[in-house]
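Single-structure report; data block below.
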Amino acid sequence: MSKERIKIAPEMFDIMPEEYQDLVERATYGKDGRGWKDIGTSKELIEEHSLCAGCPESMAFRYILASLPAPEDTVMVGSTGCTSLVFPHVGVHNIHSLFGNQNAIASGLKRALSVRFPGQVKDVVVLAGDGATVDIGLDMTLQAWFRQEKFTTICFDNELYANTGGQESGLMQKGFVAKMAPVGKTFEKVKLPEIARESGCHYVVNCTVSKPNLVEKVIKNAIHVAREIGPTYLQLYTPCILEIGKNSMEGLQEMRDSEKPTERFAYKEYVSDEAKELLTELAAKEKERKAALKKQLADKQAAEKELAAKA
Ligand SMILES: Cc1ncc(C[n+]2csc(CCOP(=O)(O)OP(=O)(O)O)c2C)c(N)n1
Ligand code: SF4
């Protein structure tokens, strides 16, 4: 939804909910260079959430929504799990799919949008848990990558099925014992980032969501590469504090501990040659945009100073 589409008729303005007025006046739809730094100074595209207090998925949602390059022209596709508790509070078009089917739904949607709006930017972003992405939805995930579908798949990896009380997932660590998996995992965590690379993804990142600037960078890169070239995959560690016995203040430290160089969420990135070329081009354009903005600001300040001196 662009700001034009959500604008309120002036006669109706005062009877609309305050939150809606706020969204129209202060959200960042259509803003160039939007990013995590807008959090706190603009209206966020997430109102509230019904996750556990302190769940890192809530941080991840905030950073991702703040970083979408074109939220007004983005459709997110979710799946069943803890993430699905958040989508009803999100100010971006979204579709809930049957558990595991998210990449199939996103494939059809992306193709339909390309036919309906030829030549226009329409980003599709899948966001689902590891149970949906890797276990029950693995077929749909892989087939979308094999077909080179042009959308981004984000997996919130909390290494188990959280929403149903802690069952084992393919992304769970070897030996981990969960509430509903008392025997302990008998094999290693499935290496989905490597599988994504081998399955045709052009941009793949494995990391935590401890650093908002990093989340912004990888989200933007993944979406731009998907828009222009082909499938992209982000595996983001969003620990389930409830299932690993941490309190609501400990999620951030858990992510910091897990991203150390020898740990399983140490930053890992794969970029295809085509994607590298595109990202270099985009970085140069972004540099130009920032330089032009800086110059504009300096010119404005100089003009104001001159005026003040004359007064
Ligand atoms: C087709 C189908 N199968 C199973 C379920 C039950 N179910 C609901 S949520 C869930 C687990 C979700 O796990 P994950 O994708 O890892 O997300 P998390 O809750 O951990 O964020 C399951 C198995 C369902 N709702 N629909
Ligand atoms: S169960 Fe775990 S993943 Fe789900 S909201 Fe609670 S802390 Fe987050």
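Do you know which residues across the stretch 145-186 are aromatic (Phe, Trp, Tyr) and near ligand 1 (Cβ under 10 Å from one of its atoms)? I'd like the intermediate steps shown before the answer.
Here is the first cut: in the stretch 145-186, the residues aromatic (Phe, Trp, Tyr) are 145-146, 151, 156, 161, 176.
Correct list: Phe156, Tyr161.
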Give the residues of the stretch 134-161 that are touching a Phe, Trp or Tyr at 6+ places or on another chain (Cβ under 9 Å), of a type in the set (A, V, I, L, M, F, W, C) and within 27 Å of Glu243 (Cβ to Cβ), sorted by residue number.
-> Ile136, Ile154, Cys155, Phe156, Leu160
Flagged in the stretch 73-92 as in a helix (DSSP H, G or I) and within 16 Å of ligand 2 (Cβ to nearest atom), in numbering order, are Cys82, Thr83, Ser84, Leu85, Phe87, Pro88, His89
Please state which one of Val115, Val134, Val90, Val86 is touching a strand residue (DSSP E or B) at 6+ places or on another chain (Cβ under 6 Å) and of a type in the set (A, V, I, L, M, F, W, C).
-> Val90
Is one or more of the residues making up the stretch 21-37 open to solvent by 20 Å² or more (accessible area, probe 1.4 Å) and closer than 28 Å to Pro239 by Cβ?
-> yes
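Among the listed residues Ala70, Ala53, identify the single one that is within 15 Å of ligand 2 (Cβ to nearest atom) and assigned by TED's automatic domain parsing to the domain that holds Arg197. If you could, list the steps in order and put the result at the bottom.
Values: Ala70 fails: within 15 Å of ligand 2 (Cβ to nearest atom).
From the options Ala70, Ala53, the qualifying one is Ala53.
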Only one of these conditions is not met by Glu286: (1) within 16 Å of ligand 1 (Cβ to nearest atom); (2) more than 25 Å from Leu142 (Cβ to Cβ). Which number is it?
-> (1)
Identify the residue in the stretch 52-65 that is open to solvent by less than 10 Å² (accessible area, probe 1.4 Å) and among the aliphatic types (A, V, I, L, M) and, among all such residues, is nearest to ligand 1 (Cβ to nearest atom).
-> Ala60
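Yes or no, residue by residue, for (1) in a loop (DSSP other than H, G, I, E, B); (2) open to solvent by 50 Å² or more (accessible area, probe 1.4 Å); (3) away from ligand 2 (no atom under 16 Å from the Cβ):
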residue: Ala222; (1), (2), (3): no, no, yes
residue: Leu234; (1), (2), (3): no, no, yes
residue: Cys240; (1), (2), (3): yes, no, no
residue: Asn247; (1), (2), (3): yes, yes, no
residue: Met255; (1), (2), (3): no, no, no
residue: Lys260; (1), (2), (3): yes, yes, yes
residue: Ala266; (1), (2), (3): yes, no, yes
residue: Ala275; (1), (2), (3): no, no, yes
Within the stretch 59-69, is even one residue closer than 19 Å to Pro193 by Cβ, modelled with pLDDT of 95 or more and in contact with a Ser or Thr (Cβ under 6 Å, 6 or more places away or on another chain)?
-> yes
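The values are calculated or read from the model by the stated rules, or taken from the named source; none is laboratory data. Bear in mind the structure is a predicted one, so any value in this text is a computation, not a measurement. Note that we place each Cβ from the backbone using ideal geometry, even for glycine, and neighbour counts take in every protein chain shown. The protein model used for the area step is the full one, side chains on, heavy atoms only, and it has no ligands, DNA or RNA in it. Shrake-Rupley method; radii C 1.70, N 1.55, O 1.52, S 1.80 Å.
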